Amino acid sequence: MAKRDYYEVLGAEKSASADELKKAYRRKAKELHPDRNSDNPDAESQFKEANEAYEVLKDADKRAAYDRYGHAAFDGGMGGGPRAGGHPGGQGDFASAFSDVFEDLFGDFMGGQRGGGGRQRAARGSDLRYNMRISLEEAYKGLQKSITVPSLATCEECNGSGAEGGAEPQVCPTCSGMGKVRAQQGFFTVERTCPTCSGAGQIVKNPCNGCNGGGRIQNEKVLSVNIPAGVETGTRIRLTGEGEAGVRGGPQGDLYIFIEVDDHPIFQRDGMDLFCRVPVSMVSAALGGEIEVPTIDGGRSRVKVPEGSQSGRQMRLRSKGMPALRGAGQGDMYIEMAVETPVKLTSKQKELLREFEDSCATSNTPNASGFFEKVKGFWDDMKG
């Protein structure tokens, strides 16, 4: 039976890059894996066919020969290909070849190290997160704050080795320091984490009494943290090397401080700008005047209220907002007027207000006059 084109077997274009070929092979291998196709008697042969195609095409020299001569490049006359037996590489040992294929396909999920490896590197310590709440005033000024962080620290009795007296751990006899063991199952070579050392590649014969062989102990450390001016909710500050200690002398993790700025009773923040809603009496809004407003730095500013001001009118105070985080410049502060209607009036006050209303012309209330003209027109249209 004539062999199928290798590119067709993998479902890839002839112009595919090495990375695209690899992805095509992975898709095909997962699709045809015999364990997933127990009801398909041809799955194993198709799986082997895909393996054979990829073994040729992943090698640049073999691929070049195949592109030029096709399958004839590996029939014995062209060189560089499989001998009698049909498997690229000419070894005839499918189990050995499939071991490499399995590593390429599933190695990332098994946590393995390709290429022979050796003893695994000491594991890096975990990163830590600390949530810090600060006031808006503190965010404006910046602050230096001490925090207490629970963490895993290097055991001083064994200097992190986990062995009594600080002795060096010994190479695991089960996996010879690889951290992995392989088992042959038919034509599969399955790789698993070493059960003796749990993947560390090392064992401790005489565990340290201080840490019970772990190399780390639970501890609390006090850190002084500099919070720069201008931070806002969601700002993240990283302290390199202040996380948990690494395993068996591995590098320390980092500490991440997440900032949350509390709501303020007077100011609302929008980026670098601040907003302040200030009540203004009906008389001050009508006649104009001056009001005194607070600023985030603890100061005061006097703001002129224009005659005839309405609720919602805004006035800007330049450079009275929040500072830029790690940069130059400062936001603005916006004063929003809220004209307040008086309540709990006396009889005299009510009488004066009625007299005032009777004396008003439409020019005194242009918004109301315009609105009711539109309403009248709307009703007239509805009647028509």
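The values are calculated or read from the model by the stated rules, or taken from the named source; none is laboratory data. This is a predicted model, so every value here is computed, not measured. Heads up, the Cβs are rebuilt from the backbone with ideal geometry, glycines too, and the neighbour counts pull from every protein chain shown. Calculation scope for accessible area: heavy atoms of the full protein, side chains included, ligands and nucleic acids excluded. Shrake-Rupley method; radii C 1.70, N 1.55, O 1.52, S 1.80 Å.
Put simply, the amide H of S311, placed in the peptide plane, has neighbours under 5 Å in V339, leaving out anything fewer than 5 places away on its chain.
Between K344, K23, K304, the GNM of the chain built on Cα springs shorter than 10 angstrom shows K344 fluctuating the most. Between A123 and R318, the modelled labels are 5.9 nm apart [label points 7 Å from Cα along Cα→Cβ]. Here the relative contact order of the chain, from alpha carbon pairs under 8 Å that lie six or more residues apart, stands at 13 percent. Relative to its Kirkwood radius, the Cα radius of gyration of the stretch 254-384 gives an Rg/Rh of 1.16. Multiplying the residue separation of A60 and N226 by 0.36 nm and subtracting their alpha-carbon distance yields 54.3 nm. Near A123, the amide H atoms lying under 5 Å from its own belong to V247, G250; only residues 5 or more places off or on other chains count, and H is placed 1.01 Å from N. Using θ = phi - 60° in the Karplus curve 6.51 cos²θ - 1.76 cosθ + 1.60, the 3J(HN,Hα) couplings for the stretch 200-206 round to 6, x, 9, 10, 10, 7, 10 Hz; x is entered for Gly and Pro. A Cβ-based charge dipole, computed about the Cα centre of the chain with Lys and Arg at +1 and Asp and Glu at -1, lands at about 440 debye. Calculated on the Cα set of the stretch 146-272, radius of gyration then Dmax: 22.2, 74 Å. Would any residue of the stretch 202-222 have its amide N under 18 Å from a label point 7 Å out along Cα→Cβ of E157? List them or say none. Under 18 Å, as judged by backbone N against the label point of E157, lie 204-220 of the stretch 202-222. Extending 7 Å from the Cα toward the beta-carbon at both R133 and D5 defines two label points whose distance is 6.7 nm. Candidates Y130, A229, A285 compared by Cα position along the dipole of the chain: farthest toward the positive end lies A229, with charges placed on Cβ. A 1.4 Å probe over all protein chains sorts M337, M382, M282 by accessible area into M382, M282, M337, starting with the largest. The lysines within cross-link reach of K350, meaning a Cα-to-Cα straight distance under 18 Å and a gap of 8 or more places when in the same chain, come to none at all.
Compactness of the chain was expressed as the Cα radius of gyration divided by 2.2 N^0.38 Å, which yields 1.83. Loop-resident trypsin sites (Lys or Arg not before Pro) (DSSP state other than H, G, I, E or B) in the stretch 188-263 with no more than 10 further Cβ atoms inside 10 Å of their Cβ: K205. Helix screen, the chain: DSSP H segments with Cα axial length of 20 Å or more and mean Kyte-Doolittle hydropathy at least 0.5 are 94-110. Taking each residue as 0.36 nm, the span from V190 to Q310 lengthens on full extension beyond its C-alpha to C-alpha distance by 35.4 nm. Pairs from the table (K348/K374; K180/K205; K304/K348) lying more than 26 angstrom apart at Cα are K348/K374; K304/K348. Taking the stretch 328-364 and a reference point 7 angstrom along Cα→Cβ of K376, the backbone N atoms nearer than 14 Å belong to 362-363. Antiparallel beta bridges, as assigned by DSSP with both residues in the chain, represent about 75 percent of the total such bridges. Rg/Rh, computed from the Cα trace of the stretch 334-384 with Rh as the Kirkwood radius, has the value 1.15.
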